[in-house]
Structures are given as structure tokens and as C-alpha cells.
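Participant: Please find one structure pasted underneath; my questions will follow.
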Amino acid sequence: MADPLNHSYYAATANLAPEAEAAKGDLSCDIVVIGGGFTGLSAALACAEKGFDVVLLEAETIGFGASGRNGGQLIPGLRWSMREIEAELGQDRAKAIFELSYGARDRVWNRIARHNIHCDLKSGHLEAAVKPAHFDAMRAEADWLARHYGHEAQCISPSDMGQHIRADGYHGGVYDPKGGHFHPLNYALGLADAARTAGVRIYETSPALRISQKAGVEVETSMARVQARHAILATDAWMADLSPALGRYTIPIMNYNIATEPLEDADALLPSDAAVADSRFVLNYFRLSADKRLIFGGGEAYVARPPRDIDRFVQRHLARVFPQAARAPIAYRWGGAVAVSMNRLPHIGRQADVFYAHGFSGHGALITTLAGEVMAEAVAGTAAQFDVLSGLPARPFPGGRLLRRPLATLGLLWYALRDRL
């Protein structure tokens with residue numbers, strides 16, 4: 001279907017993809033994967049590499065959801081700091097979580113290299129502190145990571161921030177050379193190409209309407225019925241459409257991005273070409289594209305209806321960070337839903353023959369590949385790494401079907417107000 005929110009830089013510069021084919025008739029396979037984003041594609045590819053016969057169903061087209069619309073920021077780890085994880089779960093579990101979550105970076109870099117995916121991959125990510133207290137917390141976490149986990153990141157003093165970003169209002173930051181940025185839609189399309197080569201049957205414009213578990217798993221679309229031994233649900237913001245019970249663990253939040261025309265002074269804004277995200281609860285995040293456009297995301301909306309003027313909605317955040325670029329011509333604008341969990345950790349688990357992963361909370365460009373691959377391992381009978389991720393704390397949003405969204409929105413608005421105060 002036509003999508004008014006996808007006049008995106010990514011769609012305009014996407015690599016060529018095969019013509020979409022819809023699922024039809026009665027199909028059978030070992031594994032049916034529902035969702036054609038990073039999680040589902042990674043799971044399907046890893047399952048096929050293990051010798052399974054795999055069918056992937058995507059409601060729209062590959063990368064249509066958050067995987068093809070996000071800011072392209074590759075941020076190691078989870079939304080919780082390792083100090084928070086260790087305090088909550090203990091040292092042994094924290095070590096296992098660190099090895100997986102920070103190791104997700106190498107999984108993505110290796111996939112890109114192995115399959116020769118052209119997705120404008122660059123190294124380097126900066127977390128920028130909007131308050132001195134935030135910088136103090138960043139330094140403490142960087143020191144903790146170095147001493148306890150051997151992960152080296154560079155603390156950037158306020159006076160040295162110009163190495164990475166030419167903007168006032170930041171009180172230092174942490175630069176992680178293991179982070180980075182990329183063209184997310186082209187990464188998704190590259191994973192899809194690799195999956196097809198490995199034997200995965202990919203069907204687009206084929207939304208799953210019902211899923212049932214009888215002698216395995218059966219999934220129905222409008223024109224097909226797929227019988228499988230196992231299913232992997234990778235629909236993130238649309239999980240409630242398939243499983244209302246799982247949908248209670250997340251709410252969808254709308255994010256919006258703009259991309260300028262190529263800027264002659266782009267390198268003067270971001271000299272190190274690092275991706276940047278700041279420390280606000282409702283954060284700003286930005287980077288340069290391969291052709292020197294400023295890609296900027298800012299603000300969140302808690303209703304599905306887009307603002308009347310996406311340019312203006314995002315530009316006011318851009319102007320606060322880069323007043324010198326406030327009048328830069330906007331070439332593209334787009335938006336999409338992100339599934340946010342109660343504690344901003346992903347919700348990963350299993351219900352009999354159905355595996356699921358969702359709730360990446362805007363921090364999923366690396367973790368989604370990890371989630372897909374560990375679900376494939378669990379399907380194959382090796383669940384040690386899956387168990388680490390499925391053991392992350394999770395609880396549903398309170399309020400039931402009618403009140404869950406309003407109560408969650410009130411809580412999120414409170415944290416957004418604290419940003420402003």
C-alpha cells in the first residue's frame with residue numbers, strides 16, 4: 001500500500017530488489033518467520049544456514065517497518081548500563097549479557113562483509129551529554145566498562161567535543177569506536193538477498209492473519225496457509241496484531257526523521273563522521289549520509305497520526321542543535337513506529353513452538369541481528385544464548401486493553417517534561 005510516511009532518503013537510495021511475490025496456496029516448511037525486518041531476516045538466514053527449510057512472510061515489503069526507517073545508528077549494548085544490569089541481575093548474568101549485547105556489533109559487521117552488503121557502513125558513535133550530571137554518569141559507566149569488561153570507549157571533555165560535533169549545548173560525551181552508522185534499508189535488503197541465496201522463500205505483501213499451534217504451527221494469510229514445525233515472530237510494533245498477550249509488553253511510539261540536501265559544510269558540523277545521539281529521554285540523534293546530507297531525528301509522538309508538517313516538527317529540534325543548519329533545504333522526510341517496552345529492554349522468549357522478539361525500544365539496529373540469530377540457535381536445539389536474552393526482565397504495561405496506552409503515554413510525557421525542565 002502507499003505509505004505517506006515513507007518519503008525517505010533510504011527508499012530513494014535503496015539498492016535494487018526482486019519484484020515482490022505474495023504467498024499463495026498451501027505451503028509447508030520447517031520454520032515460518034513472520035516479519036521482514038532485521039530480526040526476521042537474520043533469523044531466517046541463520047535458520048537456512050543450519051539446514052532448515054524456511055518461509056518468511058512480510059506484510060508489506062522488506063524493511064518496510066522500523067528496520068528500513070530508523071536513524072541508522074549502530075549503538076553497542078542495551079538501553080540499560082552495565083552497572084544497572086549487574087546491580088539488577090548479578091555479575092555472572094551481567095557478564096553473559098555483556099558478551100552477547102556488545103558482541104552483536106561484530107555479528108552485524110561480519111554479516112555485511114560476508115555477504116558484500118553495500119550499506120554505507122561507517123565506524124564511530126558519540127553519546128553527547130546535555131547536562132553536566134549526564135557526563136558524570138557517562139564517565140563512570142565508561143570507566144566501569146573498561147575495568148570490568150575490557151570495553152574501551154573514549155571520554156570527550158566539553159572542550160574537546162569539537163573533534164566530533166560543532167554545536168553548543170553539550171557538556172562532554174563518550175565516543176565509542178565500536179559503534180557506527182549505516183543505510184538501514186540497504187542492510188535489510190542485503191540480508192534478504194543472502195537469505196534467498198541460502199534457500200529462504202520470501203513472500204511480501206503477505207500479512208499473517210492468524211497463527212495457531214496444532215501439531216506444529218499453522219499461519220494463515222489472505223491467500224495462503226503455511227504449515228511449519230516452529231514459528232518465529234519478528235513483527236515488533238505490530239506484535240499485538242498476531243498475539244494480544246505479547247502486545248501487552250510494548251506500546252508503539254512514532255519517530256520522525258528528515259534528511260537535508262547535500263551540505264557543502266557537512267564535515268564542519270560532524271568532523272569525525274560519527275553518529276551522535278544525545279542523553280535526553282526524548283533524544284535527538286543525527287549523522288551524515290554517504291553523500292553528505294544531515295539525517296536528523298528528534299522528538300516522539302504518542303499518537304499514530306503524523307504531524308501536519310514533519311519538516312517543522314523535526315526542524316525545531318535540529319535548529320536547537322545546529323542553528324547554522326536551521327535553514328538547510330529538506331529533501332526527504334519520513335516516520336514510523338518503534339515498539340517500546342516498559343523498561344526499554346527487548347522482550348524475547350518462547351511459547352511452545354513459537355519464538356518471539358520485540359520491544360527493542362529504539363536501540364535495535366545491532367541487537368535485532370543478535371536476536372534473530374540466537375532464536376535460530378534455539379530452534380536448532382542450542383538455547384544457551386537464547387536463554388540469556390529471554391532472561392532479561394520484562395513486564396507488561398499496566399491498565400489492560402483500554403487503559404494501557406493512555407497510562408503509558410502519561411508516563412512517557414512526564415519523562416519528556418523532565419527533559420524540558
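Participant: From the list ILE348, ILE330, which residue is surrounded by fewer than 20 Cβ atoms within 10 Å (Cβ to Cβ) and touching a helix residue (DSSP H, G or I) at 6+ places or on another chain (Cβ under 6 Å)? Before the answer, list the steps.
Facilitator: Working: ILE348 fails: surrounded by fewer than 20 Cβ atoms within 10 Å (Cβ to Cβ).
Residue meeting the stated conditions: ILE330.
Participant: A follow-up question, please. Can you tell me how many residues in region 389-416 are buried (at least 18 other Cβ atoms within 10 Å of the Cβ) and modelled with pLDDT of 95 or more?
Facilitator: The number of residues fulfilling the criteria is 3.
Participant: Only one of these conditions is not met by ARG79: (1) more than 17 Å from the chain's Cα centre (by Cα); (2) basic (Lys, Arg); (3) assigned to a loop (DSSP other than H, G, I, E, B). Which number is it?
Facilitator: That leaves (1) as the condition not met.
Participant: Also, quick follow-up: Within the group GLU60, GLU86, which residue is assigned to a helix (DSSP H, G or I) and of a type in the set (Asp, Glu)? So that I can check it myself, show each step before the final result.
Facilitator: Numbers: GLU60 fails: assigned to a helix (DSSP H, G or I).
Only one candidate qualifies: GLU86.
Participant: Scan region 96-115 for residues that are in contact with a helix residue (DSSP H, G or I) (Cβ under 9 Å, 6 or more places away or on another chain), without any contact (Cβ under 8 Å) to a residue 60 or more places away in the chain and either of a type outside the set (D, E, K, R) or within 13 Å of LEU366 (Cα to Cα) (or both) and jot them down.
Facilitator: If the condition is that a residue be in contact with a helix residue (DSSP H, G or I) (Cβ under 9 Å, 6 or more places away or on another chain), without any contact (Cβ under 8 Å) to a residue 60 or more places away in the chain and either of a type outside the set (D, E, K, R) or within 13 Å of LEU366 (Cα to Cα) (or both), then PHE98 is the only one that fits.
Participant: Another one. Between a residue in region 276-305 that is more than 21 Å from MET161 (Cβ to Cβ) and at pLDDT below 95 and any residue that is aromatic (Phe, Trp, Tyr) and buried (at least 23 other Cβ atoms within 10 Å of the Cβ), which pairs come within a Cβ distance under 8 Å, given they are 6 or more apart or on different chains?
Facilitator: Hits for this filter: GLY299/TYR256; ALA301/TYR256.
Participant: Another question, if that's okay. Return the residues of region 171-187 that are in contact with a Phe, Trp or Tyr (Cβ under 9 Å, 6 or more places away or on another chain), surrounded by fewer than 24 Cβ atoms within 10 Å (Cβ to Cβ) and more than 17 Å from ALA113 (Cβ to Cβ); say none if nothing qualifies.
Facilitator: HIS171, GLY172, VAL174
Participant: What do you reckon, is SER222 in contact with a helix residue (DSSP H, G or I) (Cβ under 9 Å, 6 or more places away or on another chain) and outside any strand (DSSP E or B)? Before you say what the answer is, go through the steps one by one.
Facilitator: Numbers: in contact with a helix residue (DSSP H, G or I) (Cβ under 9 Å, 6 or more places away or on another chain): no; outside any strand (DSSP E or B): yes.
When the stated conditions are applied, SER222 does not pass them.
Participant: Cβ contacts < 6 Å: first residue at pLDDT 95 or above, restricted to region 5-19; second residue among the small types (Gly, Ala, Ser) and not in a helix (DSSP H, G or I), any location; separation 6+ or different chain. Result?
Facilitator: Close Cβ pairs (under 6 Å, with a partner that is among the small types (Gly, Ala, Ser) and not in a helix (DSSP H, G or I)) amount to TYR9/ALA259.
Participant: Still on this structure, please answer the following. Is there a residue in region 239-248 that is of a type in the set (A, V, I, L, M, F, W, C) and part of a loop (DSSP other than H, G, I, E, B)? Show your work before the answer.
Facilitator: Start the filter on region 239-248 by keeping residues that are of a type in the set (A, V, I, L, M, F, W, C), which leaves 239-240, 242, 245-246.
This time we only want the ones that are part of a loop (DSSP other than H, G, I, E, B), so: none.
No, region 239-248 contains no residue that is of a type in the set (A, V, I, L, M, F, W, C) and part of a loop (DSSP other than H, G, I, E, B).
Participant: Take ALA376 and decide whether it is buried (at least 24 other Cβ atoms within 10 Å of the Cβ), in contact with a Gly (Cβ under 8 Å, 6 or more places away or on another chain) and either under 21 Å from VAL108 (Cα atoms) or among the polar types (S, T, N, Q) (or both).
Facilitator: Working: buried (at least 24 other Cβ atoms within 10 Å of the Cβ): yes; in contact with a Gly (Cβ under 8 Å, 6 or more places away or on another chain): no; either under 21 Å from VAL108 (Cα atoms) or among the polar types (S, T, N, Q) (or both): yes.
Criteria not met by ALA376.
The values are calculated or read from the model by the stated rules, or taken from the named source; none is laboratory data. Quick caveat: nothing in here was measured; it's all calculated off a predicted structure. Neighbour counts are summed over all protein chains in view; Cβ atoms, including those assigned to glycine, are modelled from backbone coordinates with ideal geometry.
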